[in-house]
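Every read-out reported here was derived from the displayed coordinates using simple, explicitly stated rules and does not represent laboratory data. Just so it is clear, the model here is predicted, and its values are computed rather than measured. Heads up, the Cβs are rebuilt from the backbone with ideal geometry, glycines too, and the neighbour counts pull from every protein chain shown.
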Amino acid sequence: MIDKQTDSSLPKPNDGSIVSYPTRCPLWGDARYRGNCDGRLILDLILRYRPRSVADPMAGSGTSRDLVKWLNGQHAMNISYWGGDLRQNFNLLQQDIPGSFDLVWIHPPYWNIIRYGNHPDDLSSLPDYELFRDALRLCLNRCFMAVNPGGRLAVLVGDVRRQGQYIPIVRDVLNLEGEIGQVRSIIIKAQHNCQSDRVSYAGLEDPPIRHEFCVVFKRIGPTRTAGQAA
């Protein structure tokens, strides 16, 4: 991990477990990419945990990549980075993350709330929730295998509704504690500027979902190899 005193010009991480970014920071990633996360959440994680290495196996428009490049260029943090994505021929359901890292960040699809493609291993294309849940579990286990001892796995997820049923994806992520590390933090992130904001929900019995969860796991103990059970 990087010494927390290395650069006094760095901003301080958000002080609390609730974050809100009403206006997206344009420095990192592409706001046109649907479901893209504001890079300030990833920045907060890096500033708090000071990893020397970061991986993102579902990199999307490259928000984490751009952020690490910015930190290295503006603040000489010298963080090594690896990013992959199904569109770049990296398939987390079939492949291990190459290397080991102090921080693995993953922002998977929230099942099929946004359909990203038709590849059979695209989590957003899976036809039922049980298949999605099992695929997500495998992906998170592969992420955990790439975390250095003492490092973190940060998972950004949101819950969904289907035909009036509330599906708490975060519950299934939290239930993996022990399998993919120890839960150390749950950060609640307010959602803004969603396409669903244009829809009227006045007739709904329950309020629309306006939040996501960033669940941070810590790896305790020795590194596991890909051939070992979760």
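Applying 0.36 nm per residue to the separation of Asp15 and Asn72 and subtracting their alpha-carbon distance, the gain on full extension is 18.2 nm.
Highest average first, the peptides 50-56, 121-127 ordered by how many other beta carbon atoms sit within 10 Å of their residues are 50-56, 121-127.
Could you quote the convex hull projected area for region 60-122, Cα atoms only and averaged over all directions, in nm²? Intermediate results must be reported in sequence, preceding the final value.
Working: hull surface 20.3 nm².
For region 60-122, averaging the hull's shadow over all directions gives 5.1 nm².
Exposure proxy for Thr23, Thr63: other Cβ atoms within 10 Å of each Cβ, ordered fewest to most, give Thr23, Thr63.
Starting with the fewest neighbours, write out Cys25, Cys143, Cys37 ranked by other beta-carbon atoms found within 10 Å of each beta-carbon.
The order, fewest Cβ neighbours first, is Cys25, Cys37, Cys143.
Counted by Cβ distance under 11 Å from Cys143, the other residues give a net charge of +2, where Lys and Arg count +1 and Asp and Glu count -1. Residues whose amide H comes within less than 5 Å of that of Arg184, counting only those at least five positions distant or on another chain, are Val216, Phe217, Lys218 (H built at 1.01 Å from N in the peptide plane). Translational diffusion of region 18-218 was estimated from the Stokes-Einstein equation, with Rh taken as the Kirkwood radius over Cα pairs; at 37 °C and 0.692 mPa s the coefficient is 189 µm²/s.
Annotation for region 56-118: trypsin sites (Lys or Arg not before Pro) lying in DSSP loop with at most 13 further Cβ atoms inside 10 Å of their Cβ are Arg115.
Under a Cβ-Cβ cut-off of 9 Å, what is the net charge of the residues other than Asp102 that fall near it, where Lys and Arg count +1 and Asp and Glu count -1? The answer is +3.
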